[in-house]
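Novice: My questions all concern the structure below.
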Amino acid sequence: MANNPIEIRIDNQEVNQRLLELAHRGENLRPLMKNVAGILAYSTEENFANEGRPKWVDLAESTKKKRQKTGHYPGQILQVTGQLASSISTHYDEDSAVIGSNLDYAAIHQLGGQAGRKKAVSIPARPYLELTEDDYQEILAETEKYIEAMEVGRKWYKQSLNEALSNKYD
């Protein structure tokens with residue numbers, strides 16, 4: 001299990017603003033966060049399936065040769081065993097949706113850096129936890145849909161309450 005988890009935050013002003021508005025109104029965001037977690041999971045699956053969006057850096061020739069010897073080339077980047085992709089999990093609560101991996105080597109593939117003995121191997125970043133503009137728009141649309149549903153529910157509640165009160169005093 002990773003001792004130093006990395007955190008990647010949604011960096012989209014429009015999405016952040018709408019979520020903040022809901023939070024300030026005191027709404028229960030758990031159902032929305034569940035849907036956002038689903039979008040994060042689907043986006044990550046798409047990143048693995050498409051080898052990045054945009055495309056990840058190709059494998060080094062030395063890695064391709066090593067994979068050929070073990071029967072794993074050609075094959076998808078970051079998916080020799082499938083452990084990284086299958087380790088991805090989501091969590092959500094009343095005010096957040098989180099996606100990540102508990103594998104020690106997950107961060108090096110997300111962020112890139114030096115690995116191996118004496119940090120002699122340079123691994124390029126292959127951000128599998130990256131959202132596209134379409135993903136941001138989907139989160140925004142889901143947020144708008146949630147706001148709309150809350151407003152419809154509030155109007156229905158007020159109307160029902162008014163009807164009940166008017167019937168009581170008729």
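Novice: Leaving out ligands and nucleic acids, and using a 1.4 Å probe, what accessible area per residue does region 1-113 come to in Å²? Write down the numbers at each step before the final one.
Specialist: Working: 7200 Å² over 113 residues.
Per residue, region 1-113 has an accessible area of 64 Å².
Novice: For region 91-130, report the translational diffusion coefficient in µm²/s to the nearest whole number, using Stokes-Einstein at 25 °C, 0.890 mPa s, and a Kirkwood Rh over Cα pairs.
Specialist: Translational diffusion coefficient: 211 µm²/s.
Novice: Does anyone have the angle between helix 13-24 and the longest principal axis of the chain? Alpha-carbon axes, 0 to 90°, nearest 10?
Specialist: Tilt relative to the chain: about 40 degrees.
Novice: Using Cα atoms only, what is the angle between the long axis of helix 61-70 and the major principal axis of the chain, expressed in degrees (0 to 90) to the nearest 10?
Specialist: That helix lies at roughly 90 degrees to the long axis.
Novice: Another question, then. Could you pull out the pairs from Lys55/Lys145; Lys34/Lys119; Lys69/Lys119 whose alpha carbons sit more than 28 Å apart here?
Specialist: In this structure, Lys55/Lys145; Lys34/Lys119 exceed 28 Å between Cα atoms.
Novice: Let me ask something additional. Using a 1.4 Å probe over the heavy atoms of the protein chains, calculate the carbon and sulfur portion of the accessible area of the chain as a whole percent.
Specialist: Taking all protein chains in place, the chain shows 51 percent carbon and sulfur surface.
Novice: Checking the cross-link filter: which aspartates and glutamates have an alpha carbon closer than 18 Å to that of Lys64, excluding same-chain neighbours under 8 positions apart?
Specialist: Qualifying aspartates and glutamates at Cα under 18 Å: Glu51.
Novice: Give me the number: length gained by fully extending Glu45 to Gln114, i.e. 0.36 nm times residue separation minus the C-alpha to C-alpha distance, one decimal in nm.
Specialist: Between Glu45 and Gln114, full extension yields an extra 22.3 nm.
Novice: Given R₀ = 35 Å, what would the calculated FRET efficiency be for Lys155 paired with Ala23, taking r from the Cβ atoms and rounding to 0.05?
Specialist: Computed FRET efficiency for Lys155 and Ala23 comes out at 0.95.
Novice: Additional query: Calculate the spin-label point distance for Val121 paired with Val80, positioning each point 7 Å from the Cα along the beta-carbon direction, and give it in nanometres.
Specialist: 0.6
The values are calculated or read from the model by the stated rules, or taken from the named source; none is laboratory data. If you're wondering where the values come from, they're calculated on a predicted model, not measured in any experiment. Glycine also receives a Cβ, built like all others from the backbone with ideal geometry; neighbour counts cover every protein chain displayed. In case anyone asks, the SASA skips ligands and DNA or RNA and just uses the protein heavy atoms, side chains included. Shrake-Rupley method; radii C 1.70, N 1.55, O 1.52, S 1.80 Å.
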